[in-house]
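Heads up: the structure comes next, in structure tokens.
Rule-based calculations on the coordinates, nothing more; no lab input. Predicted, not measured: the structure shown is a model, and the values here were computed from it. Every residue, glycine among them, receives a Cβ derived from its backbone with ideal geometry; neighbour counts consider all protein chains shown.
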Amino acid sequence: MTITLQDVAILTGLPIDGKPVTGITDHDDWASVCEELLGVGPPADKIKGGRIFLSWLKETFSIVPDVELDDDILQQYARAYILFVLGSTIFADGTGNKIHACYLHLFRDFEDAGRYSWGAAALAHLYRALYRGSVLGERMSAGSHGFYSLLQVICKPQFSSIHTKFVFFLCY
């Protein structure tokens, strides 16, 4: 059984046609990129190698101030939220608590962000995580290294039928 782009599109609603999700990953100062697009940069201990700690995003942006905000500040909070969701689901890394700041560039313009093939990127990231876990032997833990909820939805029916057949075999 193989997970296809059509599976991703149907199960997640993510677009599979569009511009590829690519960007710059080699940057000297990711904190300044965060400051530009989020309005504040993470402290040095909350960003490592361009990867932002999800805990910092949550602590900094989880409560929107109860005052009238201009569009720029609302967009900064929206970018932080989207980055948090990407880092904790679709593009989860091996640590389970960081997201690369390179994705911020893709949300500079929200209208343009909708033109990317997020479903294809999610599937590619999942397959890369599966490869790294199975072939390279990297540690894979629940909630990290790829879009596992997609894998669970696809595989659950297969494992359920195996379980049922196994239980039937043991009983008779």
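Ranked highest first by the average count of other Cβ atoms within 10 Å around their residues, in what order do 67-76, 28-37 fall?
Numbers: 67-76: 10.9, 28-37: 15.9.
Going by the mean number of other Cβ atoms within 10 Å, highest first, we get 28-37, 67-76.
Out of the trypsin sites (Lys or Arg not before Pro) in segment 43-82, which ones are loop residues according to DSSP with at most 14 other C-beta atoms within 10 Å? Each step should come with its number before you reach the end.
Values: sites: K46, K48, R51, K58, R79; in loops: none.
Within segment 43-82, no trypsin sites (Lys or Arg not before Pro) qualify (loop, at most 14 other Cβ atoms within 10 Å).
About the Cα centre, and with charges only on the beta carbon of Lys, Arg (+1) and Asp, Glu (-1), how big is the dipole of segment 67-128? Nearest 20 debye, please.
With Lys and Arg at +1 and Asp and Glu at -1, about 500 debye.
Using only Cα atoms, locate the centre of segment 1-51 and the centre of segment 73-138, then give the distance between them in Å, rounded to an integer.
When both Cα centres are located, 4 Å separates them.
Given bins 5 angstrom wide, list per bin the percent of all Cα-Cα distances in segment 61-100, short to long.
6, 24, 24, 18, 13, 9, 5, 1
Could you list, bin by bin from short to long, the percent of Cα-Cα pairs of segment 91-130 in 5 Å steps?
Going from the shortest bin to the longest, the percentages are 5, 21, 23, 29, 15, 7, 1.
Scattering from the C-alpha atoms of segment 36-102 alone, worked out with Debye: what is log10 I(q)/I(0) at q = 0.12, 0.13, 0.19 1/Å?
-0.29, -0.34, -0.70
Dipole of segment 1-123 (Lys/Arg Cβ +1, Asp/Glu Cβ -1, origin at the Cα centre): which of I24, I10, S55 lies farthest to the positive side?
I10
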